[in-house]
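Inspection log for the structure reproduced underneath, given as structure tokens.
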Amino acid sequence: MTESFDHVIVGGGMTADAAAKAIHDTTPDASVLIVSADVDAPYTRPALSKKLWTDPDYTEADNALGTVADSGAEIRLRTLVESIDREARTVTTDRGDVIGYGALLLATGGSPVALDLPDDDRVVYFRTAEDYRRLRSLSGGGRHVVVVGGSYIGTELAAALVQNDTRVTLVFPDDVLGGSVFPASLASSFEKRFEEARVELARGRRVESGTADDAGVHLRLDDGSTLDADAVVVGLGISVDDQLAADAGLAVDDGIVVDEHLRTSDPNVFAAGDVASYPDAILGRRRVEHVDNAKSQGPVVGRNMTGADEVYDHTPYYYSKVFDLSYEAVGTLDASLETIVDDKGEGEAVAYYLGDDGAVEGVLLWNVEEARDAARAVLAAGSDLGQKNLVGLI
């Protein structure tokens, strides 16, 4: 062992930032090391597909989280942790460094889902600030960018690009954009916004393969048709990065399994953020890949690493903004579930997603603000509310 820190954090995202700041607030003299594969210090991830494209006064400098200044942590970028020795309490990096820890946080997040596409700078698997910069350089000037994926990240990117002088084709498997997530009436309204913005919609299609040459990137779709583009950006979600934990003998199951204190099966090792499978106080065990969860779990796990015994009892929400639409959601959004839509007029609605027992499993707030706590209360009530009482409840 060449060096040791009181706290080592693996991963350099928003969870790591929040945890490091909480550690510093609790124990200012503790030493903290953040080991990150990213090329940038922690930043606000949602802005990569939202505000950085739509607010000309908001820059990457504004998007930085100021982790070092506010936490005193040391950050080592472009560095991977390759193994954990739980008995020795050390991690080993791809640079050959062996680093000791008192408490270890795994905030490794996930890696973008990849396709059979060429390894080419004009193909972007969107996840990081570096990806944002690359996509920026490939867009604008009327260039044609194909966006692959019609869910959260894909729709945000399509909206961002088309509002920045880019011709956009959006490839997605649903018959209606958002059709697998939103009730039919809301999905139709959602899709209409993209049509009005002149996003070309390749409905009911998946990308099978692609090639690249001097003329651009060429995609082959599952119906045999082709698309030619100046660039391609893929937003199909992530594969959770829990292999490091599994190799160390920690419990994993679609993520790193933690208890209500965000502690793994090893009392000296914690996990939080996208990678953590945790027992939600309302919805049961789940893994959440959104910013509210990262920002909420980070401070709790940071304090627990210093000896606190806090319970993480927050049920996170997620949100999106495309064009003039803002929506927030708590719980499970799945259009195959029975849904009840409370249309409030003027483009506002609340949708309730019901499980087999009639209990509400998810709440969608469509252009409805300041109602997340009310949505959580509906979820906590289970089936006691009764379906007939839902309309007008929020």
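If you go through the stretch 158-198 and pick out every residue that is assigned to a loop (DSSP other than H, G, I, E, B) and under 15 Å from ALA231 (Cα atoms), you end up with 3. HIS218 satisfies every condition listed in (1) surrounded by 21 or more Cβ atoms within 10 Å (Cβ to Cβ); (2) assigned to a strand (DSSP E or B) except (1). One residue stands out in the stretch 325-338 among those that are under 22 Å from the mean Cα position of the chain (by Cα) and in contact (Cβ under 8 Å) with a residue 60 or more places away in the chain: the one that is surrounded by the fewest Cβ atoms within 10 Å (Cβ to Cβ), namely ASP334. Here the stretch 1-26 is the region considered, the condition is being open to solvent by less than 40 Å² (accessible area, probe 1.4 Å) and in a strand (DSSP E or B), and the residue that is nearest to ARG95 (Cα to Cα) is VAL10. Taking the conditions exactly as written (among the acidic types (Asp, Glu) and more than 24 Å from SER180 (Cα to Cα)), does ASP357 satisfy them or not? No: the conditions fail for ASP357. For THR155, the conditions (1) over 23 Å from GLY255 (Cβ atoms); (2) among the hydroxyl-bearing types (Ser, Thr, Tyr); (3) open to solvent by 20 Å² or more (accessible area, probe 1.4 Å); (4) within 17 Å of the chain's Cα centre (by Cα) all hold with the exception of (3). Of all residues in the stretch 268-300, those being farther than 20 Å from ASP253 by Cα and not polar (S, T, N, Q) number 6. The residues in the stretch 266-311 that are part of a loop (DSSP other than H, G, I, E, B), open to solvent by 10 Å² or more (accessible area, probe 1.4 Å) and in contact with a strand residue (DSSP E or B) (Cβ under 7 Å, 6 or more places away or on another chain) can be counted, and the count is 5. Residue count for the stretch 125-148 under the criterion of being in a helix (DSSP H, G or I), of a type in the set (Gly, Ala, Ser) and in contact (Cβ under 8 Å) with a residue 60 or more places away in the chain: the result is 1.
Can you work out which of the residues in the stretch 158-207 that are over 23 Å from the mean Cα position of the chain (by Cα) and at positive phi is least open to solvent (accessible area, probe 1.4 Å)? If we take residues in the stretch 158-207 being over 23 Å from the mean Cα position of the chain (by Cα) and at positive phi, then GLY204 is least open to solvent (accessible area, probe 1.4 Å). Checking the stated criteria, ASP29 turns out not to satisfy the condition of being of a type in the set (Asp, Glu), open to solvent by less than 50 Å² (accessible area, probe 1.4 Å) and modelled with pLDDT of 95 or more. Evaluate the stretch 312-320: report whether one residue or more is surrounded by fewer than 21 Cβ atoms within 10 Å (Cβ to Cβ), modelled with pLDDT of 95 or more, among the acidic types (Asp, Glu) and farther than 21 Å from GLY179 by Cβ. Within the stretch 312-320, one or more residues are surrounded by fewer than 21 Cβ atoms within 10 Å (Cβ to Cβ), modelled with pLDDT of 95 or more, among the acidic types (Asp, Glu) and farther than 21 Å from GLY179 by Cβ.
Residues that are in a loop (DSSP other than H, G, I, E, B) and either open to solvent by 40 Å² or more (accessible area, probe 1.4 Å) or of a type in the set (Lys, Arg) (or both) within the stretch 238-265 comprise ASP241, GLY249, ALA251, ASP253, ASP254, ASP259, GLU260, SER265, listed in sequence order. The residues in the stretch 339-394 that are touching a helix residue (DSSP H, G or I) at 6+ places or on another chain (Cβ under 7 Å), open to solvent by 70 Å² or more (accessible area, probe 1.4 Å) and under 26 Å from ASP292 (Cα atoms) can be counted, and the count is 1. Can you confirm whether the stretch 44-53 contains a residue that is over 17 Å from the mean Cα position of the chain (by Cα) and either modelled with pLDDT of 95 or more or at negative phi (or both)? Taking every residue of the stretch 44-53 in turn, at least one turns out to be over 17 Å from the mean Cα position of the chain (by Cα) and either modelled with pLDDT of 95 or more or at negative phi (or both).
The values are calculated or read from the model by the stated rules, or taken from the named source; none is laboratory data. Predicted, not measured: the structure shown is a model, and the values here were computed from it. Glycine gets a Cβ as well: all are built from the backbone with ideal geometry, and neighbour counts include every protein chain shown. Areas reflect the complete protein model, heavy atoms only, side chains present, ligands, DNA and RNA absent. Shrake-Rupley method; radii C 1.70, N 1.55, O 1.52, S 1.80 Å.
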